[in-house]
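Trainee: Before I ask anything, here is the structure I am working with.
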Amino acid sequence: MTRAKLLFTVASLVVLLARGVRAETRVVPTDHLTIQDAIDVALPGDTILVKSGVYTENVVIPKELAGLTLRAKGKVIVDAHASMVEQDIGPGLVILAPNVLVRGIEIRNASFGDNPYGVLVTETGNTVLKNLRITHCIGVGILVNACPDVRIESCTIESCGGGILANGDRGIVRKTTIRNSSGPAVFAAGLDLLVEQCTISTVLGDFAVAAIGDGVRVRKTSISNADGSAIVLEGAGVQTEGNLVQDCAGGIATSGAAPLVRKNVLRRCGIGSAGVFVAAGAGAIIEQNTVDDSAGYGIYVGADSPQSSLTKNVVRRCGTVGESGFTIDASDCTSTKNQARECFRDGFRIHGSNSVLEANRAERNGEDGFDVELGALGSTLRANLATACGAEGIEINATGIALEHNVAKGNRIDLAADGTVVTFIGNSYANGGLFQTPQIDY
């Protein structure tokens with residue numbers, strides 16, 4: 001049993017024991033004509049069962065009704081749109097009580113008032129929203145205002161002003177579909193948040209999913225056709241794992257210490273962006289990602305992200321003007337067993353000092369396979385392969401560079417050492433470099 005379920009169960013039992021009576025099930029419209037009528041006479045821990053129908057009302061669960069369950073039986077629609085605009089209607093459903101479960105209800109047309117949200121959860125916590133469908137709201141589908149432990153699961157939010165706007169620790173958004181959103185699909189703040197197994201498409205705004213807080217995780221989520229970046233995370237120890245991003249203006253961006261970016265697939269990100277962008281924060285782990293056809297950079301590690309490691313990533317056909325497949329601006333980074341193929345400019349472009357590149361492959365890139373720039377002093381290239389690139393296979397501009405057992409073949413120039421190479425062991429190349437004849441060094 002998860003912590004959220006345990007808290008929900010214990011709190012409900014406490015409520016029932018305090019009442020000293022059994023919880024009741026109140027049926028709408030059999031026992032009460034409207035949902036709000038049933039809520040108005042309910043006691044903590046009761047269940048309100050709503051039969052099929054369209055209910056033109058706006059529902060409020062007051063803070064006194066801890067442990068209430070509101071559940072649909074059949075197709076239940078709460079139409080929040082007022083028959084008279086002058087009535088100034090707000091959210092379709094407001095939840096003020098703790099430990100509430102709402103399940104299986106459709107909410108539509110929250111369009112008037114100061115808070116035209118589908119669902120507003122505020123001043124409470126331990127709320128579960130499951131199998132809801134929320135459509136055609138001017139505001140966001142679900143607003144969580146400073147509430148911890150809110151779980152949103154298997155919901156659909158469509159054609160709203162935004163998807164989910166949430167503030168509270170340990171929030172969960174799982175198996176939820178958000179589409180045709182005129183604002184961000186998920187915008188959340190809090191510790192240890194989880195977005196998992198969601199499907200997000202056709203989103204306007206600067207991002208599809210953005211979260212601020214340590215320990216945020218976005219996992220196994222599909223994002224397509226976003227006008228902004230797909231995933232933007234800010235905080236220490238954030239994780240993006242197993243996501244699919246397609247046809248978005250930007251890919252995945254992180255800022256904060258020790259992010260994990262693993263096993264994501266990114267396709268057709270927009271110009272001026274990157275498939276993966278680690279903006280700031282030491283100790284990033286970037287591994288087993290695939291970036292295809294990004295109009296900007298494939299994977300970019302910013303100067304404020306030292307001691308990062310890149311392992312077993314594949315970048316293909318990225319860049320349109322000056323972008324490279326892999327760009328590492330930070331110092332003390334390692335790049336191991338990565339592949340850059342058919343990128344517009346360089347396969348790997350290194351600016352940070354004391355970098356180590358080992359067993360990487362650069363194939364058929366437009367310019368250099370490996371471009372070690374002036375700032376990359378003291379770096380080591382070991383057992384890398386550069387082949388069929390349009391300029392140099394390996395170009396060295398920095399000082400204090402070690403070249404060990406690299407292979408460069410079939411490039412316009414295999415090796416150009418304009419900087420200072422202090423170790424030169426076992427490299428194989430056909431032209432250029434320190435020696436002007438075909439050379440294998442031992």
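Only the coordinates and a few stated rules stand behind these numbers; no lab work does. Everything numeric in this text was worked out from a predicted model, so none of it was measured. Using ideal geometry, Cβ is built from the backbone for each residue, glycine included, and neighbour counts are taken over all protein chains shown.
Trainee: Using θ = phi - 60° and the Karplus curve 6.51 cos²θ - 1.76 cosθ + 1.60, what whole-Hz ³J(HN,Hα) does each residue of region 346-356 get, with Gly and Pro shown as x?
Mentor: Ordered by residue, 3J(HN,Hα) equals 8, x, 10, 10, 10, 10, x, 6, 6, 7, 10 Hz.
Trainee: Would you list which lysines come within 20 Å of Lys312, measuring only between C-alpha atoms, while excluding same-chain residues fewer than 8 positions from it?
Mentor: Within reach: Lys220, Lys263, Lys337.
Trainee: May I ask for the net charge around Glu158, where only other residues with Cβ less than 10 Å from the Cβ of Glu158 are counted and Lys, Arg are +1 while Asp, Glu are -1?
Mentor: Charge balance in the 10 Å sphere: +3.
Trainee: May I ask you to list the GluC sites (Glu not before Pro) in region 201-299 that are in a DSSP loop and have at most 11 other Cβ atoms within 10 Å of their Cβ?
Mentor: none
Trainee: Also, I was wondering about something else. Most mobile of Pro62, Pro148, Pro259 per a Gaussian network model of the chain (Cα springs, under 10 Å)?
Mentor: The residue with the greatest mean-square fluctuation here is Pro62.
Trainee: To the nearest 20 Debye, how big is the dipole of region 97-232 about its Cα centre, given +1 on the beta carbon of each Lys and Arg and -1 on that of each Asp and Glu?
Mentor: 500 debye
Trainee: Under a 5 Å amide H to amide H cut-off, with H placed in plane at 1.01 Å, what residues pair with Leu70 once short-range neighbours are removed?
Mentor: Ile48, Leu101, Val102, Arg103
Trainee: Could I ask something else about it? In debye, nearest 20, what is the charge dipole magnitude of the chain about its Cα centre with +1 on Lys and Arg Cβ and -1 on Asp and Glu Cβ, if you could check?
Mentor: With Lys and Arg at +1 and Asp and Glu at -1, about 1760 debye.
Trainee: In addition: Could you state the per residue volume, in Å³, of the convex hull enclosing the Cα atoms of the chain? Intermediate results must be reported in sequence, preceding the final value.
Mentor: Working: hull volume 54.5 nm³, N = 442.
Convex hull volume per residue, Cα atoms: 123 Å³.
Trainee: Among all the lysines, which ones have a C-alpha under 28 Å from Lys51's C-alpha, if same-chain residues fewer than 8 places away are not counted?
Mentor: Partners within reach: Lys5, Lys63, Lys73, Lys75, Lys130, Lys175.
Trainee: Counting just the Cα atoms, what span does region 233-301 cover along each of its three principal axes? Round to the nearest Å and put the largest first.
Mentor: Here the Cα extents, ordered largest to smallest, are 28, 22, 14 Å.
Trainee: Which value, to two decimals, describes the C-alpha radius of gyration of region 259-360 once divided by 2.2 N^0.38 Å?
Mentor: Ratio of Rg to 2.2 N^0.38 Å for region 259-360: 0.92.
Trainee: Over all alpha-carbon pairs in region 135-274, figure out the percentage whose distance exceeds 26 Å. Please list the in-between numbers first.
Mentor: Numbers: 1150 of 9730 pairs.
Across region 135-274, Cα pairs with separations above 26 Å total 12 percent.
Trainee: How would you classify region 334-442 from its alpha-carbon gyration tensor, with a ≥ b ≥ c the square roots of the eigenvalues: rounded for a/c under 1.5, else prolate if a/b is greater than b/c, otherwise oblate?
Mentor: rounded
Trainee: Would you mind telling me the antiparallel percentage of the DSSP bridges in the chain, rounded to 5?
Mentor: Values: 2 of 165 bridges.
Looking only at bridges with both residues in the chain, the antiparallel portion is about 0 percent.
Trainee: If you take every DSSP beta bridge whose two residues both sit in region 328-442, what share of them, in percent to the nearest 5, is antiparallel? Before the final figure, lay out each step's value.
Mentor: On the way: 2 of 38 bridges.
Given both bridge residues lie in region 328-442, the antiparallel proportion sits at roughly 5 percent.
Trainee: Can you give me the relative contact order of the chain as a percent, contacts being Cα pairs under 8 Å and 6 or more apart?
Mentor: 5 percent
Trainee: Could you go through region 298-310 in sequence order and give the Karplus-derived ³J(HN,Hα) for each residue, using 6.51 cos²θ - 1.76 cosθ + 1.60 with θ = phi - 60°, rounded to whole Hz, and x for Gly and Pro?
Mentor: With coefficients 6.51, -1.76 and 1.60, one gets x, 10, 10, 10, x, 4, 8, 10, x, 6, 8, 10, 10 Hz.
Trainee: Given Cα pairs under 8 Å that are at least 6 residues apart, what percent is the relative contact order of region 149-275? Don't skip to the end; give the middle numbers.
Mentor: Numbers: 423 pairs, mean separation 21.4, N = 127.
Worked out over region 149-275, it gives 17 percent.
Trainee: Using only Cα atoms, tell me the angle between helix 3-19 and the longest principal axis of the chain; keep it within 0 to 90° and round to the nearest 10.
Mentor: 10 degrees
Trainee: Quickly rank 29-38, 377-386 as a protection proxy: mean count of other C-beta atoms within 10 Å, highest first.
Mentor: 377-386, 29-38
Trainee: Could you please rank Phe348, Phe207, Phe424, placing first whichever residue has the fewest other Cβ atoms within 10 Å of its Cβ?
Mentor: Phe424, Phe207, Phe348
Trainee: Moving on. Whole-Hz ³J(HN,Hα) for each residue in region 385-392, computed from phi via Karplus 6.51 cos²θ - 1.76 cosθ + 1.60 with θ = phi - 60°, x for glycine and proline: what do you get?
Mentor: Along region 385-392, the couplings run 10, 10, 9, 6, 8, x, 10, 7 Hz.
Trainee: Give the long-range amide H neighbours of Val195: residues separated by 5 or more places, or on another chain, with amide H under 5 Å away, using H modelled in the peptide plane at 1.01 Å from N.
Mentor: Amide H neighbours of Val195: Val173, Arg217, Val218, Arg219.
Trainee: Rounded, prolate or oblate: pick one for region 326-370, where a ≥ b ≥ c are the square roots of the eigenvalues of its C-alpha gyration tensor, a/c under 1.5 means rounded, and failing that, prolate if a/b is larger than b/c, else oblate.
Mentor: oblate
Trainee: Let me ask something additional. With the contact rule set at Cα under 8 Å and sequence spacing of 6 or more, what percent relative contact order holds for region 312-375?
Mentor: Rounded, it is 33 percent for region 312-375.
Trainee: Once you have all Cα-Cα distances for region 204-320, histogram them in 5 Å bins from zero and send the whole-percent values.
Mentor: Calculated over all Cα pairs of region 204-320, the distribution is 3, 14, 26, 28, 20, 8, 1 percent.
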